[in-house]
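*Asks:* Pasting a structure below so you can have a look.
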Amino acid sequence: MTTIDLIDSAPPAEPQRPLSAGRERALRVRSLKGYESVDGTLLTEPRIEAIRRELQALLRCVQLESGGEPVEIDGFRLRDAANWADYPTSLSDIFWHLSSVCNFGCEFCYEKGNPAGFPIQNLTRMATLDEIKTRLAHYDPDKHTGVFTLRTSINEPFVNPRALEALRLLREKSSRELISFVTNGSLLGEEIVAAMRDLRPIFFNLSMYSIDEQVRRTILNDRRPDRAVRAVTLLREYEIPFMSNVVMWPSIPFDDLDRTVAFLEENRATVVRVCLGGYSRYLEGNFERFEAKDFWPKVVEYVDRLRDRYRVPILIEPNAFVQTSTDAFIDGVVVDSPADEAGLQRGDLVLAVDGRPVRSRTEMMSRVRRSRDAQRYRQPGVAAAAENGAASKTGTVSLLVRRGERTFEVQLDRSLARSMSSYPYREIAAFNDFAYGLVVTDSLRFSSLLEARRLMEKHRAKRVLLLSSMLMEPVVSTMLAKTDAFAGFDVSVRVPENRYFGGSINIGDLLVVSDFVAAVESFRAEGGADPDLVLIPASPFASSPWGRDLTGRPWLDIERNTGLPVALIPCPNLIY
Ligand code: SF4
């Protein structure tokens with residue numbers, strides 16, 4: 001019998017943030033039993049849950065016993081992992097399993113704000129090396145398939161004392177596949193950073209948040225604030241490419257962001273992402289509650305001023321809050337990259353690529369990337385993370401650019417000698433994202449609108465309800481104003497309220513089935529005839545190949561609950 005031994009009962013090397021009583025209990029119970037919880041498979045492999053339900057139905061008819069005790073089903077082992085190895089995955093996804101705990105306790109950590117009953121909240125686990133080996137044994141690096149992923153809380157992978165060994169095993173499996181992850185950096189000591197030189201291609205998101213000792217101690221609950229700061233200097237010393245997150249939160253002063261960005265630029269972060277903080281109604285703690293509509297504009301205004309002072313590209317997430325235009329604007333250029341050397345700047349508008357006009361950012365970047373084999377960075381833990389292939393550092397492209405009243409053309413050479421001798425560009429030259437050093441945020445695609453139209457035609461619908469999100473609705477409206485994509489149809493656009501998480505959460509990908517059902521019902525309450533089709537973006541269900549929301553409910557439940565035909569518009573998650 002092959003099992004995925006999924007539990008490491010060895011204590012972690014580093015102190016973890018205090019766990020709630022429920023999480024501690026879950027860890028203790030599952031560490032003792034040593035098998036896997038069904039909850040972690042609800043999104044990724046619901047057939048396990050279906051088997052459990054079948055058995056539970058049988059156990060209601062007859063009580064089976066073992067050792068005189070009734071048999072209960074609260075977990076599973078796989079008898080032969082090879083039978084379960086056709087799931088889309090990647091080395092980064094396998095690395096994701098290293099840990100589901102964090103050694104920080106950030107005031108804004110949304111993992112602390114999950115509703116009771118949220119399926120993954122009690123899944124405190126760490127992968128053993130045996131689990132990593134089993135996963136790698138069944139991983140096909142050409143097809144990017146392997147044993148299904150388990151969904152757990154967001155994590156700090158290096159809390160797992162075996163993280164470096166695991167990274168080495170991953171690299172043995174494929175010498176060229178990009179490995180990416182998210183880390184708070186506090187455990188990236190010199191041994192790990194030095195070892196990363198031999199583990200490239202590697203690229204990750206370092207959640208820096210602040211370099212201020214006091215902020216780190218009080219807001220992040222980082223008991224050793226010097227270590228993450230030191231890690232950034234080590235990354236520069238060993239030339240390991242990374243990008244960095246900061247979160248804007250009322251208790252973090254704006255000028256702290258200024259100092260943190262200065263430090264990150266000095267140490268050659270590829271990109272800095274400023275995340276606009278948000279919280280669910282369940283987030284505990286003594287923090288200042290705020291309305292996104294009041295707080296976010298102040299942050300955006302401040303970040304805009306910083307952008308003029310720093311060369312490192314500074315992005316804002318969620319980007320849809322500041323960027324409703326889909327035009328091919330450049331959001332920044334990687335320092336010393338071919339785009340930088342050619343003099344391109346944030347705000348430049350690309351009109352044509354290699355002489356062919358482009359109408360949108362996504363069209364521009366797909367033309368610029370061209371090489372289907374190039375490495376593509378994706379946040380790990382996402383089902384479709386496996387977009388890696390052979391590295392491609394070569395290529396040229398010509399861009400027709402407008403800046404203000406002036407229009408000019410530039411030629412970019414991906415392997416420009418000056419850029420290839422510069423860190424971090426040299427290390428990321430093969431990536432599809434940041435191709436030529438261009439930093440361009442993703443946007444909704446026109447192809448998604450055309451797909452929506454095809455769905456309306458297929459369903460012979462006339463009166464259609466399109467459910468968007470608070471952030472994406474202005475982008476959708478801008479796109480509709482520019483095209484006649486929905487001409488001939490009566491399309492109403494509505495924004496579902498995020499009732500499930502509540503608080504200041506307004507990101508569409510965090511909407512769940514019950515939010516969509518409520519939105520349909522409130523549309524009906526407006527009066528008028530029922531729509532004959534409800535269209536919903538696929539991205540809230542994208543982390544599950546089975547089309548399930550974050551609570552594990554299938555999107556088809558919207559149809560079952562409303563009695564209306566529902567279709568999903570294919571669209572990817574937006575990273576920025
Ligand atoms: S570092 Fe990230 S995962 Fe850890 S507590 Fe902070 S926000 Fe949460």
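*Asks:* Describe numerically, in nm with one decimal, the distance between label points set 7 Å from Cα along Cα→Cβ at Asp294 and at Trp546.
*Replies:* That separation, rounded to one decimal, is 4.3 nm.
*Asks:* Still on this model: Gain in length, Ile73 to Lys462, computed as 0.36 nm per residue apart minus the alpha-carbon separation, to one decimal in nm? Before the final figure, lay out each step's value.
*Replies:* Working: separation 389, 0.36 × 389 = 140.04 nm, distance 4.77 nm.
Difference between extended and current length: 135.3 nm.
*Asks:* What net charge is computed for the residues neighbouring Pro545, neighbours being all others with C-beta under 11 Å from the C-beta of Pro545, Lys and Arg scored +1, Asp and Glu -1?
*Replies:* On the way: positive: Arg548; negative: Glu45, Asp86.
Residues close to Pro545 contribute a combined charge of -1.
*Asks:* Considering the dipole of the chain built from charges on the beta carbon (Lys and Arg +1, Asp and Glu -1) around the Cα centre, which of Ser360, Leu568, Ala525 is farthest to its positive end?
*Replies:* Looking along the dipole axis, the top candidate is Ser360.
*Asks:* If you don't mind, another one. Note down the magnitude of the dipole of the chain about its Cα centre, charges +1 on Lys and Arg C-beta and -1 on Asp and Glu C-beta and zero elsewhere, to the nearest 20 debye.
*Replies:* The calculated dipole for the chain is roughly 660 debye.
*Asks:* Take the Cβ-Cβ distance between Glu191 and Ala417 as r, set R0 to 35 Å, and report the resulting FRET efficiency rounded to the nearest 0.05.
*Replies:* It comes out at approximately 0.60.
*Asks:* Putting +1 on Lys and Arg Cβ atoms and -1 on Asp and Glu Cβ atoms, find which of Gly347, Leu449, Cys102 reaches farthest to the positive end of the dipole of the chain.
*Replies:* Leu449
*Asks:* Just grab the label-to-label distance for Ala525 and Lys133, each label 7 Å out from Cα along the Cβ direction, in nm (one decimal).
*Replies:* 5.8
*Asks:* Stretch Ala50-Glu301 to full length: gain in nm at 0.36 nm per residue minus the Cα-Cα span?
*Replies:* Numbers: separation 251, 0.36 × 251 = 90.36 nm, distance 5.00 nm.
Extending this stretch completely gives an extra 85.4 nm.
*Asks:* Counting only pairs 8 or more residues apart or on different chains, how many lysine pairs in the chain have their Cα atoms under 26 Å apart?
*Replies:* 11
*Asks:* How much FRET efficiency would the formula 1/(1 + (r/R0)^6) give for Tyr35 and Arg494, where r is the Cβ-Cβ distance and R0 is 51 Å, rounded to 0.05?
*Replies:* Between Tyr35 and Arg494 the formula returns 0.70.
*Asks:* State the antiparallel share, in %, of DSSP beta bridges confined to the chain, rounding to the nearest 5. Show your work: numbers first, answer last.
*Replies:* Details: 26 of 57 bridges.
Expressed as a percentage, antiparallel bridges in the chain total about 45.
*Asks:* Return the calculated 222 nm mean residue ellipticity for the chain, to the nearest 500 deg cm²/dmol, obtained by summing -39500 (n - 2.57) across DSSP H runs with n ≥ 4 and dividing by the residue count.
*Replies:* Mean residue ellipticity, 222 nm, calculated: -9000 deg cm²/dmol.
*Asks:* At what distance in nm do the modelled label points of Asp308 and Ala116 sit from each other, each positioned 7 Å from its Cα along Cα→Cβ?
*Replies:* For the pair Asp308/Ala116, the computed spacing is 5.1 nm.
*Asks:* Quote the charge dipole size of the range 446-569 about the Cα centre in Debye, to the nearest 20; the model charges only the Cβ of Lys and Arg (+1) and of Asp and Glu (-1).
*Replies:* 240
Readers should treat all values here as calculations from the given coordinates under stated rules, not as data from a laboratory. These numbers were taken from a predicted model, which means no experiment stands behind them. Reconstructed Cβ throughout: ideal geometry from the backbone, glycine too, with neighbour counts over all protein chains shown.
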